[in-house]
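Beneath this line is the structure, given in structure tokens, with notes to follow.
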Amino acid sequence: MMQVTIRPIQESDYAAVSAIWRDVLDIYNATEQSVAEIYAQMAQDNHYHTFIAETDGKVVGLVTVVKVLAIGHPGGYIKMNGLGVLPEYRRLGIGKMLMDRVEQLALQEGAPYIGLASGIRRTEAHAFYERLGFQKTSFWFRKNLE
């Protein structure tokens, strides 16, 4: 059986993490440099957390979250900004392990729930989240200003 470690991101992970953002999460402009710049900014704010799934010294997945403060939610909540597992490592429980770590963080932070948005065409991901107890409660809208 494969040994998987879930741990906080390190600078040495940036190349592998940028590949996951590009190849798994379809963030085409994710380069090692852009990942390094963004994570350097996130490291300055303790509301941001990124956890890595590693097996045999290889980064095979990630989840990144931020604690959001909002009126009506005095403890804030955890917003997931991305979850990705390399295709050859899917259906092995790694995504669930990453989400379990996020749940632990939410409990530590006193956040009563975890929220996320998922691309409308990512039906397999939707089924995964529903199996973990997530409920569809809204639509996500965005307006590009570029």
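The values are calculated or read from the model by the stated rules, or taken from the named source; none is laboratory data. Since we're looking at a predicted model, the values are computed, not measured. Here the Cβ positions follow ideal geometry from the backbone for every residue, glycine too, while neighbour counts run over all protein chains shown.
Residues that are within 21 Å of residue 116 (Cβ to Cβ) and of a type in the set (Val, Ile, Thr) number at least 2 in the following strands (runs of 3 or more DSSP E) confined to region 1-77: 48-55, 58-70.
Only one of 138, 118 is in a loop (DSSP other than H, G, I, E, B) and under 21 Å from residue 38 (Cβ atoms). Can you tell me which?
That would be 118, the only listed residue that is in a loop (DSSP other than H, G, I, E, B) and under 21 Å from residue 38 (Cβ atoms).
Select from region 45-64 the residues that are surrounded by fewer than 15 Cβ atoms within 10 Å (Cβ to Cβ) and within 16 Å of the chain's Cα centre (by Cα) and write down the one among them that is farthest from residue 122 (Cα to Cα). Here the residue is 46. Restricting the first member to region 119-143 and to residues that are under 18 Å from residue 25 (Cβ atoms), and the second to residues that are of a type in the set (Ser, Thr, Tyr) and surrounded by 10 or more Cβ atoms within 10 Å (Cβ to Cβ), the beta-carbon pairs closer than 6 Å and six or more apart or on different chains are 125/118; 126/118.
In region 99-146, the qualifying residues are those that are of a type in the set (S, T, N, Q) and over 18 Å from residue 64 (Cα atoms), and the one that is surrounded by the fewest Cβ atoms within 10 Å (Cβ to Cβ) is 144. Taking the condition part of a strand (DSSP E or B) and crowded, with 18+ Cβ neighbours inside 10 Å, does residue 80 pass? Spelling it out, residue 80 is indeed part of a strand (DSSP E or B) and crowded, with 18+ Cβ neighbours inside 10 Å.
Every listed requirement among (1) modelled with pLDDT under 95; (2) in a helix (DSSP H, G or I); (3) acidic (Asp, Glu) is met by residue 100 save one, (1). Taking every residue in region 80-93 that is within 16 Å of residue 54 (Cβ to Cβ) and pairing it with any residue that is assigned to a strand (DSSP E or B) and modelled with pLDDT of 95 or more, at least 6 positions away or on another chain, the pairs with Cβ-Cβ distances below 6 Å are 83/63; 84/62; 85/61; 86/60; 89/60.
Going by the structure shown, is residue 105 under 19 Å from residue 27 (Cβ atoms), out of contact with any helix residue (DSSP H, G or I) (no Cβ under 9 Å at 6 or more places or on another chain) and at pLDDT 95 or above? For residue 105, the condition - under 19 Å from residue 27 (Cβ atoms), out of contact with any helix residue (DSSP H, G or I) (no Cβ under 9 Å at 6 or more places or on another chain) and at pLDDT 95 or above - is not met.
Scanning region 65-114 for residues that are among the small types (Gly, Ala, Ser) and over 11 Å from the mean Cα position of the chain (by Cα) gives 70, 72, 75, 76, 93, 106, 110, 111. For region 1-22, the set of residues classified as surrounded by 12 or more Cβ atoms within 10 Å (Cβ to Cβ), touching a residue at least 60 places away in the same chain (Cβ under 8 Å) and out of contact with any Lys or Arg (no Cβ under 6 Å at 6 or more places or on another chain) consists of 4, 20, 21, listed by residue number.
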